[in-house]
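Undergrad: First, the structure itself, so that you have it in front of you.
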Amino acid sequence: MASQRDSEADVKESHQYGELERALLNDYQRGLPLVSRPFAEIGKELGVGEEAVLAALGEFQGNGVVSRVGATLKPGAIGVGTLAAMAVPEDDIERVAAIISARPEVNHNYEREHDFNLWFVAMAPDQSQLLRALADIETCTGYPLLDLRLVCDYHVDLGFDLQWASQNAIDS
Amino acid sequence: MTPWDDACHKPDPVDRAIIRATQGGMPLSVRPYHTLAESLGLSPSEVMSRLQRMQDNGAIRRIAAVPQHYALGIHANGMSVWDVDDARVDELGEQVGMLDCVSHAYRRPRHPPQWPYNLFAMVHGRSRGEVENHVAEIARLLGNACHRYDILYSSRLLKKTGLRLGG
């Protein structure tokens, strides 16, 4: 498997994945089986050993292809959250972004090309704590924010199909 | 059969502790649920049955690898936003959510006049050109129910962590 890549840096550029890696990225999206040795179970399906599965996943995490192997939660299942947007002048964006990213309630923070150029997701155990966090952020940054609460989630979540990403790997 | 009321279920403190422990990433060990159980002072069977229950009632969608699209060669990440007739947004949002190029589709409130959009669809592609082709496909699907739209490209990822429950 080590021969699949020449160096860590090349992985991100060339996406030279072998069959096992591709199968893992796609099939593993369906979820980790709830059995005592889930990686052995996945290996059985893919016709490889448990160690090979663990090694490949460890490598994905190491080189950043996969950020983590973890639980994806239904929005609102635990606590309350929102997507917030802020319009911040270009020359103040570093200061504001740092304030927002430092908040423990914030788990995603993106800069986007738009008048509303800072977008972040905030979560808290309950509504009052979330509102307090948003109000604090407005006070500390000095800018108002748009609170864009989820009204409805339309996505039928079957795992994000990475087939076409693998296709891209072949193309490049 | 364990009686289980999906609608009323709220994860209890033990469930929350398990979620908190898995959100940061599952241990890549031979018996990951055992490793998790040990760190939480629970039995492996309890950890597995609680995770099963939370998946059955929908609190957890799945436990899986969370891909980094950038690292996979999906370089353009466009958040498309749409101003769609309120009367039709749910029906059309469902259809947009089913498109292969869309990873998330949500209805969110408008904040006029600054923010007229009520439908969000995350579109991924290898290039902006590819994202724009996908967005054109969505525009065709929405037809005259859509009054305007925009695409917001991410220029920088400033923070990404697993969920934090706080408190």
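Undergrad: Please specify each residue of region A:98-128 satisfying the condition of being more than 7 Å from chain B (Cβ to nearest Cβ) and either surrounded by fewer than 18 Cβ atoms within 10 Å (Cβ to Cβ) or in contact with a Gly (Cβ under 9 Å, 6 or more places away or on another chain) (or both).
TA: A:A98, A:I99, A:A102, A:D115, A:V121, A:A122, A:D126, A:Q127, A:S128 - these are the residues of region A:98-128 that are more than 7 Å from chain B (Cβ to nearest Cβ) and either surrounded by fewer than 18 Cβ atoms within 10 Å (Cβ to Cβ) or in contact with a Gly (Cβ under 9 Å, 6 or more places away or on another chain) (or both).
Undergrad: I'd like the full set of residues that are without any contact (Cβ under 8 Å) to a residue 24 or more places away in the chain and of a type outside the set (A, V, I, L, M), limited to region A:54-71.
TA: The answer is A:G58, A:Q61, A:S67, A:R68, A:G70.
Undergrad: Shifting gears a bit: Across region B:92-129, which residue is surrounded by the most Cβ atoms within 10 Å (Cβ to Cβ) among those that are of a type in the set (D, E, K, R) and more than 17 Å from the chain's Cα centre (by Cα)?
TA: Ranking the candidates gives B:R126 first.
Undergrad: Of the residues in region B:16-32, how many are out of contact with any strand residue (DSSP E or B) (no Cβ under 6 Å at 6 or more places or on another chain), facing chain A (nearest Cβ under 7 Å) and under 23 Å from A:V53 (Cα atoms)?
TA: Number satisfying all stated conditions: 5.
Undergrad: Mind checking which residues of region A:66-86 are at pLDDT 95 or above and within 8 Å of another protein chain (Cβ to nearest Cβ)?
TA: If the condition is that a residue be at pLDDT 95 or above and within 8 Å of another protein chain (Cβ to nearest Cβ), then A:A85 is the only one that fits.
Undergrad: Still on this model: Pick from region A:54-87 the residues that are of a type in the set (G, A, S), under 17 Å from the mean Cα position of the chain (by Cα) and in a strand (DSSP E or B): which of them is farthest from A:L130 (Cα to Cα)?
TA: A:S67
The values are calculated or read from the model by the stated rules, or taken from the named source; none is laboratory data. Since the structure is predicted, the reported quantities are computational estimates derived from the model, not experimental observations. Positions of Cβ are generated from backbone atoms using ideal geometry, with glycine treated the same way; all protein chains shown enter the neighbour counts.
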